[in-house]
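Structure first, then comments.
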Amino acid sequence: MKNNRTFTMIKPDAVENGYTGAILAHIEKAGFKIVAMKLKKLTTESARNFYKIHEGRPFFNDLINYMTSGPIVAAILEKENAVSDFRALIGNTNPQEAKEGTIRRIYAKSIDANAIHGSDSDDNALIEGDFHFTNEEVI
Ligand code: IDP
Ligand code: MG
């Protein structure tokens, strides 16, 4: 996954609130092509592994509880400058600080339940995509 692919998860709050379709439409309208996608429920073990980098931070246990509280939609997205363009599309981690029109501003209410994940680098996009998808599941 060079700089034309990124990894995303629509998080449990957004799936639970029925925003999956609207968020996918928002993503596609912004020019991203879906090249892999699945609905899944993370186990505690896989959520802890996925977010290992945050282990030890004060919000870690809450993050794991939240990310395992219901299904998520995992996807790999393709577009030029995918990682940075997608981070701009989703907005600041804290939806109250996210710009107007960003996915977090529209669909998230709080910093802990903030509707969507986006990889923060090309390297992590590759690692995170591989974490959730086999080669066969990626177009
Ligand atoms: P990001 O999702 O914008 O890249 P990160 O700093 O990588 O933000 O944090 C990962 C996730 O952990 C966030 O999306 C959010 O769900 C949660 N999180 C981050 N900071 C806080 C916090 O201060 N309180 C509660 N949850 C947080
Ligand atoms: Mg991050």
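Applying the criterion of being under 18 Å from Thr20 (Cα atoms) and under 13 Å from the mean Cα position of the chain (by Cα) to the residues of segment 90-106, the residue that is nearest to ligand 2 (Cβ to nearest atom) is Ile90. Applying the selection to segment 48-68, what residues are more than 12 Å from ligand 1 (Cβ to nearest atom) and within 25 Å of Glu137 (Cβ to Cβ)? Matches in segment 48-68: Arg48, Asn49, Thr68. Identify all residues within segment 1-21 that are at pLDDT below 95, in contact with a Leu (Cβ under 9 Å, 6 or more places away or on another chain) and surrounded by fewer than 19 Cβ atoms within 10 Å (Cβ to Cβ); write none if there are none. Selection gives Lys2 alone.
Across segment 107-139, what is the total count of residues that are more than 16 Å from ligand 2 (Cβ to nearest atom) and touching a helix residue (DSSP H, G or I) at 6+ places or on another chain (Cβ under 8 Å)? Result for segment 107-139: 3. For beta carbons closer than 6 Å, sequence separation of 6+ or different chains, a first residue in segment 59-71 that is more than 10 Å from Ala113 (Cβ to Cβ) and a second that is charged (D, E, K, R) and open to solvent by 30 Å² or more (accessible area, probe 1.4 Å), the qualifying pairs are Ile64/Arg48; Gly70/Glu16; Pro71/Lys41. Tallying residues that are more than 12 Å from Ile72 (Cα to Cα) and either over 15 Å from the mean Cα position of the chain (by Cα) or charged (D, E, K, R) (or both) within segment 1-16 yields 5.
When the residues of segment 116-139 are filtered to those that are in contact with a strand residue (DSSP E or B) (Cβ under 9 Å, 6 or more places away or on another chain) and within 9 Å of ligand 1 (Cβ to nearest atom), which remaining residue is farthest from Pro12 (Cα to Cα)? Within segment 116-139, the match that is farthest from Pro12 (Cα to Cα) is Ser119.
The values are calculated or read from the model by the stated rules, or taken from the named source; none is laboratory data. Keep in mind it's a predicted model, so treat the numbers as computed, not measured. When we count neighbours, we look across all protein chains shown, and the Cβ atoms used for this are built from the backbone with ideal geometry, even at glycine. Side chains included, ligands, DNA and RNA excluded: accessible areas come from the protein's heavy atoms. Shrake-Rupley method; radii C 1.70, N 1.55, O 1.52, S 1.80 Å.
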